[in-house]
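Heads up, the thing below is written out as structure tokens.
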Amino acid sequence: MGAQLRVFRRRIRSVQATKKITKAMELIASSRIIKAQQRLDASMPYLRNLTEAISAAASHAADVSKHPLMTSGEVRDRAAVLVITADRGLAGAYSANAIREAAGLTKLLNEQGVQVSPYVVGRKGVSWYRFRGVPLAGEYTGFTDQPTYADARRIGQDLLEAFLTPEDQGGIDEIHLVYTNFVNMATQEVRVRRLLPLEVVEEVVQPDGKGLPFPLYEFEPGAEQVLDSLLPRFIDHAVYTALLMSAASEHAARRRAMKSATDNAEELIRTLTRQANQARQAEITQEISEIVGGADALASA
Amino acid sequence: MAELTVAVVSAERSIWQGKAKSIVAKTPDGEIGVLPGHSPVLALLLEAPLRIETVDGVKVLVAVHGGFFSVDSDRVNVIAETAELAEEIDVERAKAALERARQAAGGPDDPEAAAAKRAETRLAVAVGTR
């Protein structure tokens with residue numbers, strides 16, 4: 001076997017091995033998208049009930065607009081931005097898109113004279129900020145492909161604590177969330193959402209959509225206490241939803257990236273096989289002409 | 001006979017659904033029992049076992065870790081951040097967690113104290129059915 005042919009065969013084998021890996025990653029990502037979606041659906045009854053209860057409590061509590069979680073301080077000079085990125089790469093532009101959006105938001109806030117303290121989820125985002133020497137207010141890694149509620153609660157508590165810290169001690173006035181919304185298998189888009197101060201009035205959806213008044217609940221211990229206890233839950237859940245959405249988007253992005261990698265590998269294998277066949281044919285042709293030439297030389301001698 | 005339609009959901013999933021005769025839960029103001037025909041209530045839950053008696057007379061115990069429940073026209077929604085049914089609880093693990101948390105706990109505000117309380121609730125629920 002000629003040297004050229006051997007080189008081609010080796011490259012084909014190497015590309016085939018890569019293709020197997022990318023194909024496997026594609027399949028894994030596909031099944032994880034569905035899992036993440038199911039978990040998102042499973043968490044919806046909780047959100048629905050929670051929103052209902054908060055609305056009911058808010059309509060009973062005295063002067064909701066003065067609640068600490070619904071008002072920012074007098075001066076608005078510090079904001080937290082929570083960016084959700086991936087732990088691992090090979091997901092196309094997934095993390096880069098979220099980071100770009102967050103950078104845009106940061107610039108916008110800076111122009112308004114607001115300082116930004118970044119909170120980052122996912123190793124990709126953390127290393128991006130680290131490399132640029134940006135100090136992080138919080139970093140959370142190791143769960144982006146399968147976030148649990150406990151992870152979300154940890155983040156939610158940190159954010160809440162920073163929000164409730166008095167301004168002169170470095171407390172923040174608002175919290176923005178940058179996550180990737182999972183529209184469908186083919187479309188995911190980066191979204192920015194303001195988490196705090198809450199705008200409950202806009203969040204309130206009547207329980208059955210028909211605009212019926214809430215039942216005349218008797219609150220225990222009291223409407224204000226119920227509200228105090230439920231609003232942080234609402235924040236935790238908003239973070240949880242964002243994490244799950246982003247996880248589904250991450251898997252979708254990875255699936256797409258791995259699909260095109262597999263397609264490219266197939267294309268490459270096809271081209272290389274052609275070239276290898278050509279090389280083999282050339283080798284055979286050369287051998288025949290050598291034999292014929294040799295036989296001719298013997299005959300004419 | 002009137003019955004309660006009960007749904008227990010946690011942040012991550014739906015835990016239990018069905019018809020029940022009565023429910024007993026623990027709120028900051030004390031224990032509250034709910035029978036069919038109860039007036040609308042929205043109450044916070046403490047870290048404690050939640051007792052449900054189904055229409056077949058079966059007792060279901062759920063360990064709820066914080067949250068609230070609402071009663072309205074014989075529909076009861078129990079919304080807990082995390083909740084576990086008795087049969088889902090690993091007794092050995094809960095015991096170990098309790099032991100660990102008790103040793104580490106400092107004051108009442110310590111997160112370890114909360115962990116100990118959580119483990120206690122779990123154990124109470126798991127043992128209650130055995």
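For this structure, a couple of remarks:
- Pairs where the first residue, in segment A:267-283, is farther than 18 Å from residue A:22 by Cβ and aliphatic (A, V, I, L, M) and the second is at pLDDT below 95 and not in a helix (DSSP H, G or I), C-beta under 9 Å, 6+ apart: A:279/A:2; A:282/A:2
- All of (1) among the polar types (S, T, N, Q); (2) within 11 Å of another protein chain (Cβ to nearest Cβ); (3) out of contact with any Phe, Trp or Tyr (no Cβ under 9 Å at 6 or more places or on another chain) hold for residue B:22 with one exception: (2).
- Only one of A:51, A:85 that is away from every other protein chain (no Cβ under 14 Å) and hydroxyl-bearing (Ser, Thr, Tyr): A:85
- Search result, residues across segment A:16-47 that are crowded, with 18+ Cβ neighbours inside 10 Å, away from chain B (no Cβ under 14 Å) and not acidic (Asp, Glu): A:19, A:22, A:25, A:29, A:32, A:33
- Residues in segment A:279-298 that are touching a helix residue (DSSP H, G or I) at 6+ places or on another chain (Cβ under 9 Å) and of a type outside the set (D, E, K, R) were compared, and the one that is nearest to residue A:8 (Cα to Cα) is A:279.
- Which listed residue, of B:70, B:39, is part of a loop (DSSP other than H, G, I, E, B) and facing another protein chain (nearest Cβ under 7 Å): B:39
- Criterion violated by residue B:3 - all others in (1) more than 10 Å from chain A (Cβ to nearest Cβ); (2) among the acidic types (Asp, Glu); (3) surrounded by 13 or more Cβ atoms within 10 Å (Cβ to Cβ); (4) within 28 Å of residue A:231 (Cβ to Cβ) satisfied: (4)
- Only a single item in (1) under 30 Å from residue A:30 (Cα atoms); (2) surrounded by 17 or more Cβ atoms within 10 Å (Cβ to Cβ) is not met by residue A:163, and it is number (1).
- Checking each residue in segment B:73-91 for being facing another protein chain (nearest Cβ under 8 Å) and part of a strand (DSSP E or B) picks out B:77, B:79, B:81, B:82.
- Residue B:61 at the interface with chain A (Cβ under 7 Å from one of its Cβ atoms), in a strand (DSSP E or B), aliphatic (A, V, I, L, M) and touching a helix residue (DSSP H, G or I) at 6+ places or on another chain (Cβ under 6 Å): no
- For segment A:102-120, the count of residues that are part of a helix (DSSP H, G or I), at pLDDT below 95 and within 14 Å of chain B (Cβ to nearest Cβ) is zero.
The values are calculated or read from the model by the stated rules, or taken from the named source; none is laboratory data. Please read all numbers here as calculations on a predicted model, not as lab measurements. Using ideal geometry, Cβ is built from the backbone for each residue, glycine included, and neighbour counts are taken over all protein chains shown.
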